[in-house]
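Here the structure comes first, spelled out in structure tokens, and everything after it is commentary.
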Amino acid sequence: MISLNHYLVLSGVLFAIGTAGVFLRRNLITILLSIEIMLNAVNLTFVAVGRYLGTVDGQVITFFVMTVAAAEAAVGLALVIALFRHRETLSPDAFTLLKW
Amino acid sequence: MPAFINPTVVAHLVLIFVVMNMLVLSSAFMVWMERKVCAYIQDRVGPNRVGYEGALQPFADVLKLLFKEELRPKAADAFLFAIAPILSTVAALAAFSVVPFGTETTLFGLLSEPLRLEVADVNVAVLVIFAITSMGVYGIVLAGWSSNSKYSLLGGLRSSAQMISYELSYGLALASVVMLAGSLSLREIVMNQSGYWFHVIPKWYLFLQPLGFLIYLTAGVAETNRAPFDFPEAEQELVAGYHTEYSSMSFGLFFLAEYVNMVTVSAVATSLYLGGWLGPLLPDWLAWVWFMVKVLAILFFYVWMRWTLPRYRYDQLMEFGWKWLLPAAVLNLVATAALVIWLG
Amino acid sequence: MDLNSIGFFVFGAVAVLASLGVIGQRNPMHSVMLLIVSFGALAGLYILLDAPFSAVTQIIIYAGAIMVLFLFVVMLLNAHTEADSVPAILGPRGMQIGALLSILLAGEIVWGLSRLGLTWFGNDPATIANISSVSRIGLAIFTTHAFAFEVTSILILVSMVGAVVIARRGH
């Protein structure tokens, strides 16, 4: 039988994987993908707790989180494009100096 | 008979088998119909050698395709190259699984409980169709990318940009019908269209939403990359398209996917606007005949449009989708909302 | 071992393995495709949690729109395999600490949750019908959370304009 704890553990593991991706990868696009993994893990928590409490608010919040994730992905990718146009590379290590 | 061979389970499996085969056969039928209709529009006869009036022509075509060599360029990505036609086909076939095509039947008393004539009965069917058709974009994008050729890449990008642009108007037209019907389940939407006004005019949503029907069909034609919105495909007459590097059965799978997508769009259009399987004269267990007639009418309209209208240039196509169709769809939604509130 | 449990373990395993693949793959294209698989697995988990609307919206918005955007950017920028890849244990100091911290985070969450007693879901059919009904979600969004809805639409407008302005050539 599956309890709420199972879902929360799964969500925690997914969130940690997303965090590891942000720390370890040196590619701007993969860092953005890891952020999406983290947002998904949070969505799973909301839906699971909403199911436990018997309200519909969990799904409503995930609806808003998905919208915010879409907006953030769009702006993030626009930034990546602008940065790439300047330095021709996707590694965040190329942008360590404050000089443009 | 062992206990688990339940007649209902067997009936479901047979139903799934029948639906799958009907979809593939309808794709073959569409190949034939397209060539015959095209021929008669162009004042000639079309295929008439293979079988009666060329009816076996599609099978001859498939046999020829099967015997061709399966080429693969030293592409960027072998795995993505192989998986792109599979993605297209799976998305196209899966989208039909929630479309109902008849009333419940007990197969003349053989089954203990009535069998619904659809593969899966979900109560968010409209959204499921929308979700699966938006997954179909990936087949095209990956095909363009993995062919490792600049022209394929551009063709794939243009085609997928077109598809996601017209998905917005598609979704808004769907939303207007959902508002009228008050339900996301296709079966309930069809059942809401039963009955007649003045005993003569059927209560189809076509009469309540004429603009919505036009928007839905236009967006559907653009989604399936058919004329007059097929610039990314016709590009290959001039330069190259996303499936140039494909040969033999992979190429065949892309065209199967395109025709099955057309059938799905027509099936959803009949369920939403033309009253699905509802029609006079036929008994309940033959209601799927009416469904087939209506779907064939829309498919004929598709083919007719292709061989009559010139195609849009790509920038005209995108401008039309964003600047004309999308505002029209929003207007339709607002008008429908006002109508629903005013009429209670 | 009923269908619910099997479904949870299968979808959960697919989600975790696909996410590990996302952070492990060298080629960004493969990372994007693996993330789509992970989203599909999450949609399956939402269906097991009696939330069909969330499942379908997940596919439409995440797998059908956001990932297409990522794919476009990866293809247009020709983001080939960079010389980074996930460093193994022999990576530089910062990488080791980062990996250690992530494992610590996961371990902490799992440990904390296992200390509590198991909390079971309710199985009241009326509540389940309440949760999975789309009309209830629509009612909640447009009445109780109407302010958040309006603010979100302004947010989307702002991000649209911002993305176009930032990615434009020249100034």
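The values are calculated or read from the model by the stated rules, or taken from the named source; none is laboratory data. Computed from a predicted structure; not experimentally measured. Glycine gets a Cβ as well: all are built from the backbone with ideal geometry, and neighbour counts include every protein chain shown.
In this structure, C:SER19 does satisfy being within 7 Å of another protein chain (Cβ to nearest Cβ) and under 15 Å from A:LEU39 (Cβ atoms). Put simply, of B:PRO327, B:PRO310, B:PRO280 the only residue that is loosely packed, with under 13 Cβ neighbours inside 10 Å, of a type outside the set (D, E, K, R) and modelled with pLDDT of 90 or more is B:PRO327. Only one of the numbered conditions (1) assigned to a helix (DSSP H, G or I); (2) more than 20 Å from the chain's Cα centre (by Cα); (3) over 19 Å from B:ASP230 (Cβ atoms); (4) free of Cβ contacts under 8 Å to residues at least 24 places away in the same chain is not met by B:VAL289, and that is (2). For first residues located in region C:128-141 and closer than 16 Å to B:VAL128 by Cα, partners that are assigned to a helix (DSSP H, G or I) and lie 6+ apart or on another chain with Cβ distances below 6 Å form the pairs C:SER132/C:PRO52; C:VAL134/C:PHE53. Using the structure shown, decide if B:PHE254 is touching a Pro at 6+ places or on another chain (Cβ under 7 Å) and either touching a residue at least 60 places away in the same chain (Cβ under 8 Å) or assigned to a helix (DSSP H, G or I) (or both). It is true that B:PHE254 is touching a Pro at 6+ places or on another chain (Cβ under 7 Å) and either touching a residue at least 60 places away in the same chain (Cβ under 8 Å) or assigned to a helix (DSSP H, G or I) (or both).
For region B:210-233, a residue qualifies if it is of a type in the set (Phe, Trp, Tyr) and under 30 Å from B:LEU339 (Cα atoms), and the qualifying residues are B:PHE213, B:TYR216. Considering region C:115-171, and only residues there that are touching a Lys or Arg at 6+ places or on another chain (Cβ under 9 Å) and under 19 Å from A:ALA78 (Cα atoms), the residue that is nearest to the other protein chains (Cβ to nearest Cβ) turns out to be C:ALA167. Here A:ALA82 clears all of (1) closer than 25 Å to C:ALA65 by Cα; (2) surrounded by fewer than 21 Cβ atoms within 10 Å (Cβ to Cβ); (3) in contact (Cβ under 8 Å) with a residue 12 or more places away in the chain except the condition numbered (3).
Look at (1) under 12 Å from the mean Cα position of the chain (by Cα); (2) more than 7 Å from chain C (Cβ to nearest Cβ); (3) at pLDDT below 95 and you find that A:GLY21 fails only one, number (2).
In region C:98-114, the residue that is farthest from A:LEU10 (Cα to Cα) out of those that are more than 8 Å from chain A (Cβ to nearest Cβ) and surrounded by 12 or more Cβ atoms within 10 Å (Cβ to Cβ) is C:LEU100. Just one residue in the set B:SER159, B:SER149 is within 26 Å of B:PRO73 (Cβ to Cβ), hydroxyl-bearing (Ser, Thr, Tyr), in contact (Cβ under 8 Å) with a residue 40 or more places away in the chain and surrounded by fewer than 21 Cβ atoms within 10 Å (Cβ to Cβ); that residue is B:SER149. Among the residues of region B:119-144, those that are out of contact with any Phe, Trp or Tyr (no Cβ under 6 Å at 6 or more places or on another chain), of a type outside the set (A, V, I, L, M, F, W, C), more than 7 Å from chain C (Cβ to nearest Cβ) and under 30 Å from B:SER247 (Cβ atoms) comprise B:THR133, B:GLY136, B:TYR138, B:GLY139.
Restricting attention to region B:170-201, the residues that are within 17 Å of B:TRP277 (Cβ to Cβ) and over 24 Å from the mean Cα position of the chain (by Cα) add up to 2.
Can you report the number of residues in region B:23-38 which are surrounded by 13 or more Cβ atoms within 10 Å (Cβ to Cβ) and out of contact with any helix residue (DSSP H, G or I) (no Cβ under 9 Å at 6 or more places or on another chain)?
Taking region B:23-38 first, the residues surrounded by 13 or more Cβ atoms within 10 Å (Cβ to Cβ) are B:23-24, B:26-38.
From the residues that got through so far, the ones that are out of contact with any helix residue (DSSP H, G or I) (no Cβ under 9 Å at 6 or more places or on another chain) too are none.
Residues meeting the conditions: 0.
Only one entry of B:VAL268, B:VAL303, B:VAL289, B:VAL295 meets the criterion of being aliphatic (A, V, I, L, M) and in contact with a Ser or Thr (Cβ under 6 Å, 6 or more places away or on another chain), and that entry is B:VAL295.
B:LEU115 meets the conditions (1) in contact (Cβ under 8 Å) with a residue 40 or more places away in the chain; (2) surrounded by fewer than 18 Cβ atoms within 10 Å (Cβ to Cβ); (3) closer than 22 Å to B:ILE189 by Cβ in every case but one. The failed one is (2). The one condition from (1) surrounded by fewer than 13 Cβ atoms within 10 Å (Cβ to Cβ); (2) touching a Pro at 6+ places or on another chain (Cβ under 8 Å) that C:VAL165 does not meet is (2).
How many residues does region C:119-137 contain that are in a helix (DSSP H, G or I) and surrounded by 14 or more Cβ atoms within 10 Å (Cβ to Cβ)? Result for region C:119-137: 8. Within region A:1-17, the set of residues being within 7 Å of another protein chain (Cβ to nearest Cβ) and either over 12 Å from the mean Cα position of the chain (by Cα) or surrounded by fewer than 23 Cβ atoms within 10 Å (Cβ to Cβ) (or both) comprises A:MET1, A:ILE2, A:SER3, A:LEU4, A:ASN5, A:HIS6, A:LEU8, A:VAL9, A:LEU10, A:GLY12, A:VAL13. With respect to A:ARG51, determine if the residue is of a type in the set (D, E, K, R), surrounded by 18 or more Cβ atoms within 10 Å (Cβ to Cβ) and under 25 Å from C:PHE72 (Cβ atoms). Judged against the criteria, A:ARG51 is not a match.
One residue stands out among those in region A:50-67 that are within 7 Å of another protein chain (Cβ to nearest Cβ) and among the hydrophobic types (A, V, I, L, M, F, W, C): the one that is farthest from C:ILE47 (Cα to Cα), which is A:PHE64.
Among all positions in region A:85-98, there is no residue which is more than 7 Å from chain C (Cβ to nearest Cβ), touching a residue at least 12 places away in the same chain (Cβ under 8 Å) and closer than 17 Å to C:ILE61 by Cα. Only one entry in A:ILE37, A:ILE31 is within 14 Å of the chain's Cα centre (by Cα), over 25 Å from C:LEU3 (Cα atoms), assigned to a helix (DSSP H, G or I) and facing chain C (nearest Cβ under 7 Å), namely A:ILE37.
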